[in-house]
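This report concerns only the one structure given below.
Each value in this text was obtained by applying a stated rule to the coordinates, not by laboratory testing. Nothing here was measured: the structure is a model prediction, and the numbers come from that model. Cβ sites come from the backbone with ideal geometry, for glycine too, and all protein chains shown count toward neighbours.
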Amino acid sequence: MFSVAILNLYNDNQKLQKNLDIIQESMEIDNLDKIVIVGKKPEDINTELDVEYLEINSDNKAFLRNKALEKIDSEYTLWLSDFSELDDFTIDELVEVANEYKDADIIYPNSVYKNLQGDKSINMYPDFYGREKDILQTLSIENFLPEFGVLTKNQTVKDFNEDFDDFEFYEKIYKNLNNLKLKCSDISFITINEKDSFIDTSYRAKAIRDLLEIYDLKEIFKNINWEDENSALATAYTIIGDRLSNYYDFFNATEFYRKALLSFHNKHTLKQLIKAYVYMGLFDKAKELVSQEQGLNQDEIKAITQEISQAEQIINLLEKSVLENKLDDVLSMINEVIQYYKGAMIYNILGVIFYYKQDLINSYRFFHKAFTMNPIDEDILRNLVDLAKLTGNEEKVKKLVKRLIG
């Protein structure tokens, strides 16, 4: 027996209706225990199915999942949302795989991702059954299975961590890979529709830093040659730094780059550390590392110094223009600038501009991203806190600070 839990975050009735219609037509309908829709209360839903509604005003997906599970007693739960769409036979295929692989805790389909512009991309996922820990070395679990359209065993996939309200499903897998079996239903598909381009990547970065406290580095990076341990540590720490940088967590990335350089000094990691400081807007710190003593040759020193100086000059010019109230000029310049430099100070400037334009939501989002990139800059923090008060996001900012700097 299985139940269906649908997280209704955006109240997209069309997607909800389509999913309910497909559930109704499923050959597994006799094995369906119940349907729970949690979150916003949908309107104009027409279905003969027995649906239980949990109206909860929250966008914390972990909280919503936990509330749904309180109402579910079946062996499995099929997780859906109002931005995911089942294919006609997805349910039947997932249940068939669950019946064949009874030890599987999570059965997941492939996905079709549709962005805000309507462009589609197909993701064919690898099957991690029997080699679940291989997912660790990716440090990007969200790229290897979807969070919706998945059938999970309720005995083992429960109690989602509400501190990871936007990355709760993947955090659960990361922390429990010693006890979970994952199985891909390789002919199944779920369509995921992008609803918002804003992603709080700090959850993803925090999940990576947390898993480093659970698993040994040799367990995570088993493909690295550990015979030369110092070189191996430098490689592992650099990979971690790169992944955190991809999530804009440059502050914590710099710690791992420094660890890598202490293990085995090398140009590649040094340049990554310099780049991280530049993205944070810590230009003086970056300049301190550009020297022959650090192993750089004259050509490299000249090129890197020029890049740092250009970024610094750009920021000074934009900040001066903002002070002169040339907001539209700055916006037109930024569109060109971000092709070359997208550091924390750029997003801080955008936050200021959108505040003056009275677009508080986007102003908050730009300050949020600037702070994610550089959580030790007092001006950025002050701007973020001010906008959090204006937009009712004070608690979210407190948690963001804790995620990034403890």
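Of the residues Tyr215, Ala234, Gln17, the one whose Cα sits farthest towards the positive end of the charge dipole of the chain is Ala234 (charges of +1 on Lys and Arg Cβ, -1 on Asp and Glu Cβ, taken about the Cα centre).
Let me know the shape class of segment 2-197, please: from the alpha-carbon gyration tensor, a ≥ b ≥ c as square roots of the eigenvalues, rounded when a/c is under 1.5, otherwise prolate if a/b is greater than b/c, or oblate. Cα axes put segment 2-197 in the rounded bin. Of the chymotrypsin sites (Phe, Trp or Tyr not before Pro) found in segment 319-406, those in coil by DSSP whose Cβ has at most 15 other Cβ atoms within 10 Å are Tyr340. When the Cα positions of Leu151, Leu69, Phe164 are compared along the charge dipole of segment 2-197, Phe164 comes out farthest toward the positive end, with charges on each C-beta of Lys, Arg, Asp and Glu.
Per the helix-only calculation at 222 nm, which mean residue ellipticity applies to the chain, given -39500 (n - 2.57) for every DSSP H run of n ≥ 4 and division by its residues, nearest 500 deg cm²/dmol? Helices in the chain give a 222 nm mean residue ellipticity of -15500 deg cm²/dmol. Picking from Ser121, Asn110, Ser202, whose Cα lies most toward the positive end of the charge dipole for segment 110-225 (charges on Cβ: Lys, Arg +1; Asp, Glu -1)? Result: Asn110. Restrict the search to segment 75-157; then list the trypsin sites (Lys or Arg not before Pro) that DSSP places in a loop and that have at most 11 other Cβ atoms within 10 Å of their Cβ. In loop regions of segment 75-157 (DSSP not H, G, I, E or B), the sparsely surrounded trypsin sites (Lys or Arg not before Pro) are Lys102, Arg131. What you get for segment 1-143, charging only the Cβ of Lys and Arg (+1) and of Asp and Glu (-1), is a dipole of about 700 debye around the Cα centre.
With a ≥ b ≥ c the root eigenvalues of the C-alpha gyration tensor of the chain, is it rounded (a/c under 1.5), prolate (a/b larger than b/c) or oblate? Oblate, since a/c reaches 1.5 and b/c is not below a/b. Translational diffusion coefficient of segment 319-405 (Stokes-Einstein, Kirkwood radius from Cα pairs, 37 °C, 0.692 mPa s): 252 µm²/s. Each Lys and Arg contributes +1 and each Asp and Glu -1, all at the Cβ; summed about the Cα centre of the chain, the dipole is approximately 1480 debye.
Where a Cα-Cα gap under 24 Å defines reach, which lysines qualify for Lys133, not counting those fewer than 8 residues away within the same chain? Filter leaves Lys102, Lys153, Lys158, Lys172, Lys175, Lys181, Lys183, Lys206, Lys218, Lys222. Which of the lysines could a cross-linker bridge to Lys271, judged by Cα under 20 Å and excluding same-chain residues fewer than eight apart? Filter leaves Lys259, Lys285, Lys287, Lys302, Lys342.
In the chain, the DSSP beta bridges split such that about 35 percent are antiparallel, to the nearest 5. Length available on full extension from Gln339 to Glu227: 0.36 nm per residue minus the Cα-Cα distance, which gives 36.2 nm. Note on segment 293-406: with charges restricted to the Cβ of Lys and Arg (+1) and Asp and Glu (-1), its dipole about the Cα centre is near 700 debye. Note: relative contact order over segment 208-310, using C-alpha pairs below 8 Å and six or more positions apart, is 18 percent.
Restricting to segment 94-241, what percent of DSSP beta bridges are antiparallel, rounded to 5? Close to 45 percent. Taking the chain as a Gaussian network of alpha-carbon nodes connected by springs under 10 Å, the highest mean-square fluctuation of the residues Ser140, Ser121, Ser111 belongs to Ser121.
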